[in-house]
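J.: Have a look at this one.
The values are calculated or read from the model by the stated rules, or taken from the named source; none is laboratory data. Note that the structure is a prediction, hence the values are computed from the model and not measured. Counting neighbours? That spans all protein chains shown, and the Cβs are built from the backbone with ideal geometry, glycine included. Surface accessibility is based on the protein's heavy atoms, side chains included, excluding ligands, DNA and RNA. Shrake-Rupley method; radii C 1.70, N 1.55, O 1.52, S 1.80 Å.
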Amino acid sequence: MDYEIRFEPAGKKVKVRGGTTVLSAARQGRIHITTRCGGKAGCLMCKVNVQGPGQAGLSAPTEAELRKLGSRIDDGDRLACQAKITGPALVVLPEDPLKAAVRKQLERQQEDDLW
């Protein structure tokens, strides 16, 4: 069965077969998720967040996810290379670290300009 996965803040929707990993779904939709370990749950770089009913659209956390993420799984964090799609889901991608640093610097500069 095919399911629709929405990726935010990219605003893209991808339709994939059940059992596809979130990482593979993102690649099919040309959405970049960084990974260094080749999808073996070794690097934590593909961490994404799934909230609300979308959590039901993913497989149960794997042993590797439980080891790597611990209690962060309770907050909706998952490893895109391990989480498999079992239904519709909303996946929130983390902000790129470089973009986050630039955004914070710009915010500080705007605050300084106001004073």
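J.: Give me the distance in nm between label points sitting 7 Å out from Cα along the Cα-to-Cβ direction at GLU95 and ALA10, one decimal.
T.: In this crude label model, GLU95 to ALA10 measures out at 1.9 nm.
J.: So with the 1.4 Å probe, I'd like the accessible area per residue for segment 1-99, rounded to whole Å².
T.: That works out to 58 Å² per residue.
J.: Which label marks the calculated value of Kirkwood radius over Cα pairs in Å, given the options [x] 14.9; [y] 18.5; [z] 15.8?
T.: [x]
J.: Right, here's the next one. Farthest toward the dipole's positive end in the chain, which of GLY42, GLY70, LEU90, given Cβ charges of +1 (Lys, Arg) and -1 (Asp, Glu) about the Cα centre?
T.: Farthest along the dipole direction, towards plus: GLY42.
J.: Quick one: if the Förster radius is 22 Å, what FRET efficiency do MET45 and ARG108 give, using the C-beta to C-beta distance and rounding to 0.05?
T.: Numbers: r = 27 Å, r/R0 = 1.21.
Once rounded, the FRET efficiency stands at 0.25.
J.: Note the angle between two axes, namely the Cα long axis of helix 97-114 and the longest principal axis of the Cα atoms of the chain, as a number of degrees from 0 to 90, rounded to the nearest 10.
T.: Taking Cα atoms only, the helix is inclined about 30 degrees.
J.: On a C-alpha basis, how far is the centre of segment 6-31 from the centre of segment 77-115 in Å? Whole number, if you could?
T.: Answer, in whole Å: 17.
J.: Across the chain, how many lysine pairs, 8 or more positions apart or on different chains, have C-alpha atoms separated by under 14 Å? Please give the number. Walk me through the numbers on the way to the answer.
T.: Working: LYS15/LYS84; LYS40/LYS68; LYS40/LYS84; LYS47/LYS68; LYS47/LYS84.
For the chain, qualifying lysine pairs total 5.
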